[in-house]
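Data first, discussion second: the structure below is written as structure tokens.
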Amino acid sequence: MGLFSKLFQTANDTERAEKMMRDLFGGNQNTQQQKTQPAPQQQSYPANNQPAPRQQVSNSPSGFSWGELMPNEENQFNYNGNYQQYFESIFFNEFRYYEIRTDRTRYSNMPVYTFIKNGRTALVVELMSQKSSAKKLRDDCERSGIPYLRYYIDHAGWWNTKKYVITRTRNALAF
């Protein structure tokens, strides 16, 4: 698996990656002060993908696909459609050399995409809420040796920019 897929497999990994990027790019000068303050409440974004509450555009290096301000790039929250339509537009347009099967998980009814090439499963991508603690599909893929990704659709400050989704998916398909 690629570097990004190793970094972002779980919510804890995501938090570590966010902190690492803030530290690297100087996005957070008061890390010591923030450690003593209580963590802010996580925001939930509407299912119809209305723009996130902080929709100011920023050109600052807040991260590849995360940060307090909405990046100046197509992303899940400024896309003219819901989150499923957004991901499908990327998957079906950018990865058209794969057969992509769409399904839903039994436990959460969230979308799952299976990328197939030459009759072989090349990747399984699961869209899910950060509130979900489901690990069954990820564990099944790991036992079967099938690359697996998950994209959280409601993590505050996580924009799922088009470039991020393409790069992360392409990296997972390369292995």
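At 0.36 nm per residue, and after removing the present C-alpha to C-alpha distance, how many nm does the segment from residue 104 to residue 132 gain when stretched out fully?
Roughly 8.6 nm would be gained on extension.
Within the stretch 59-175, how many Lys pairs that are eight or more residues apart, or on different chains, come under 24 Å at the alpha-carbon?
Lysine pairs meeting both conditions in the stretch 59-175 amount to 4.
Compute the FRET efficiency between residue 85 and residue 144 as 1/(1 + (r/R0)^6), taking r as their Cβ-Cβ distance and R0 = 35 Å, and round to the nearest 0.05.
In this case the efficiency is close to 0.75.
What net charge do the residues around residue 122 carry, taking every other residue with its C-beta under 13 Å from that of residue 122, with Lys and Arg at +1 and Asp and Glu at -1?
Around residue 122, the surrounding residues sum to +3.
For residue 121 and residue 94, what is the calculated FRET efficiency with R₀ set at 22 Å and r taken between the beta-carbons, to the nearest 0.05?
Taking R0 as 22 Å, the efficiency between residue 121 and residue 94 is 0.75.
Bear in mind that the values in this text are calculations on the coordinates, not laboratory data. Small disclaimer: the values here were computed from a predicted structure and weren't measured. Positions of Cβ are generated from backbone atoms using ideal geometry, with glycine treated the same way; all protein chains shown enter the neighbour counts.
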